[in-house]
Amino acid sequence: MDIPHRVSVRYKDTSYNSNEIRLKTFRLGLKMWDEQTKPRQTELYSFILSCLKQVDRQDRYMFSLLFVELADIIRNSRLDRSMKEMLIKTAFSEFAYAIADLEDGGK
């Protein structure tokens, strides 16, 4: 599956297209290790939640693909195994929290 090219969102007064969303997601995912913040307080969570609110329901699957790609990048990195596992776990937790919060907010 390809990420839809028509997707465009705004976050902190900046527009992002599909490729820019991918890049921002990767950067924020990798930055989380340095931030060592608690879940739901990272910029990755804020960015993904903001994106989800602006994307049609039918296009939300693209974020699942982004996180699969992010996991592959982390897995193929030179980080040690425990750091890779923690980073992947935290990234997917942030994604899950954003999805859950979006769905809770829609009820």
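Which of the residue pairs Lys12/Lys89; Lys24/Lys84; Lys31/Lys84 have a Cα-Cα distance greater than 24 Å in the structure shown? From Lys12/Lys89; Lys24/Lys84; Lys31/Lys84, over 24 Å: Lys12/Lys89. Working ranking of peptides 75-85, 42-52, 8-18, 93-103 by packing, defined as the average number of other Cβ atoms within 10 Å per residue, highest first, is 42-52, 93-103, 8-18, 75-85.
With a Förster radius of 22 Å applied to the beta-carbon distance between Glu69 and Arg6, the computed FRET efficiency rounds to 0.70.
Were the residues from Arg78 through Asp13 laid out at 0.36 nm apart, the gain over their Cα-Cα distance would be 20.0 nm.
The H on the amide N of Val7, modeled in the peptide plane, is under 5 Å from the matching H of Ser18, each at least 5 residues off or on a different chain. Applying 0.36 nm per residue to the separation of Gln54 and Arg27 and subtracting their alpha-carbon distance, the gain on full extension is 7.7 nm.
Read-outs throughout are calculated quantities, based only on the coordinates presented, and are distinct from any laboratory measurement. The structure displayed is predicted, hence computed values, not measured ones. Glycine also receives a Cβ, built like all others from the backbone with ideal geometry; neighbour counts cover every protein chain displayed.
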